[in-house]
Amino acid sequence: MITSMPTAAEIEKAIRNVPDFPKPGIQFKDITPVLADARLFNGTIAELCKPFTAGSVDAVVGIDARGFIFAAAAAVQLKAGFVPIRKKGKLPYSTHEEDYALEYGSATVAVHTDALKPGSRVILIDDLLATGGTAAAAASLVRKLGAEILEFSFLIELSFLNGREKLQGFPIRSVVRY
Ligand code: AMP
């Protein structure tokens, strides 16, 4: 039974840093120990959707792939729908696509053209904000569908990469910052 919610410091302690994964020089933040602990996972979801009450959000948009885990759980908590933003080539129906720059090269994210109704109120969730390229591309797709972004919510923010600069004009919540 969960009798108390964890602090952000407790959640941070469970995040495992894996050096040089998936390539040399990357400090990968492994969130699986947070997911495996009922109290930490529940507390994380509560933090990610903190300002919102059930019914106040139409959909929670999750970003491929670890964002799906948190966004789907948040959607259930908020009694909202769940909408996936996926890497190019994964969604079966007609899509909008958005390219964005990576450190080396570029990537493309996609959303179904009928995933959100114009005017719907959504929050976007991902596990981690790094340079902000992925989240900014996701925001473009959501706006292309005419939906209103209420907030971005991340478990982890790598503040030294200044991802917030790419998300100007949107409220941003992060539970743990490095
Ligand atoms: P960015 O577009 O640079 O903000 O990168 C954010 C995306 O890349 C998120 O979907 C993260 O899951 C992933 N990511 C970037 N850096 C890391 C990291 N150090 N550890 C774990 N995931 C990361």
Counting DSSP beta bridges with both ends in the chain, the antiparallel % (nearest 5): 35
12 Å beta-carbon shell around residue 6, net charge (K/R +1, D/E -1): -2
Equivalent ellipsoid semi-axes - Cα gyration tensor, the range 53-177, angstrom: 20, 18, 13
Charge sum, other residues only, whose C-beta stays under 12 Å from residue 40's C-beta, Lys/Arg counted +1 and Asp/Glu -1: -2
Dipole of the chain, positive end: most advanced residue of 146, 110, 160 [Cβ charges, Cα centre]: 146
Unit charges on C-beta of K, R, D, E only; dipole of the range 53-177, Debye: 180
Residue of 146, 55, 105 that the Gaussian network model of the chain assigns the largest fluctuation, springs spanning Cα pairs under 10 Å: 105
For the range 1-112, projected area of the alpha-carbon convex hull averaged over all directions, nm²: 9.0
Gaussian network model of the chain, Cα within-10 Å springs - most flexible of 143, 86, 164: 143
Spherically averaged projected area in nm², based on the convex hull that wraps the Cα atoms of the range 30-77: 3.3
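Bear in mind these aren't lab numbers, they're just calculated from the coordinates by the rules spelled out. These numbers come from a predicted model, not from an experiment. When we count neighbours, we look across all protein chains shown, and the Cβ atoms used for this are built from the backbone with ideal geometry, even at glycine.
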